[in-house]
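Written out below as structure tokens is the structure these notes cover.
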Amino acid sequence: MSADTAEKTLLLTGASRGIGHATVIKFVQEGWRVITCSRQAFSEECPWGGKENHIQLDLGDPSATIAAIERVKKRLNGGRLDALVNNAGISPKGENGARLNTFDTDLRDWGQVFHVNFFASVVLARGLKDELSKAKGSVVNVTSIAGSRVHPFAGAAYATSKAALAALTREMAHDFGPLGVRVNAIAPGEVETKILSEGTDKIVEKLPMRRLGQPSEVANAIYFLCSDQSSYVSGTEIEVNGAQHV
């Protein structure tokens, strides 16, 4: 354990699979305590932490999200929070996995998507600002390549929520800066997880790097933004997509 990571704590949403799962592994390997949030209950098969470091929470429920702030504070026991990573995200699909556009996305789905992908980030960061300030910590919002262009698989609600999250990152960097807290975002592209849509291989063929990204590569970028190596980086969105954005 290095001096940079001694006794540091991360709060991570969307921790149960994909990028979130890889992020837990990366931070634990670096000696951090990781408090995980997900809709799933803690699994005894997880090779890190324990139930005391897991909060089962549906971020689509505004009241539950607000109430969870006190639960996090109790886990911190009056201590500081070195990093908050807002990784949780949902993207509803139509029949047979079809993309939902602006015409056929139910209004209730719009609300659910924005509660999870956008509002939860505001609620958690604002509610834990004192703990983040105490640590001179870091917030990382996980956006998406879909936030800057129409994507063949990501739906309209998901895409616009991620675009809004990118804008929120800039606003938060401005507001949290005087507290000594840095706020940044990462925008993953096509990453190899279990929820890849059929036809992703056609996108990969046109990527400059001609391959899928790995969850661990995204986790490494998140770790960089939470470490002292990025101590003067704030208000930026790092593209982690093999140059897909060009």
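We did not get these values from a lab; they are worked out from the coordinates using the rules stated. The model shown is predicted, which means the values in this text are computed figures rather than measured ones. All Cβ positions, glycine included, derive from the backbone under ideal geometry; neighbour counts span all protein chains shown.
Values computed for the structure shown
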{"item": "Theoretical FRET efficiency, 1/(1+(r/R0)^6), r = Cβ-Cβ of Leu107 and Tyr232, R0 51 Å, to 0.05", "result": "0.75"}
{"item": "For region 28-102 and region 223-244, distance of Cα centres in Å", "result": "21 Å"}
{"item": "FRET E, pair Ala167, Lys51, Förster distance 25 Å, beta-carbon r, rounded to 0.05", "result": "0.10"}
{"item": "Per-residue ³J(HN,Hα) for region 75-85, Karplus 6.51 cos²θ - 1.76 cosθ + 1.60, θ = phi - 60°, Hz, x for Gly and Pro", "result": "5, 7, 6, x, x, 9, 10, 7, 7, 10, 10"}
{"item": "Interchain or long-range residues, amide H under 5 Å from Glu239's placed H", "result": "Ala187"}
{"item": "For region 9-240, alpha-carbon Rg relative to the globular expectation (2.2 N^0.38 Å, N residues)", "result": "0.97"}
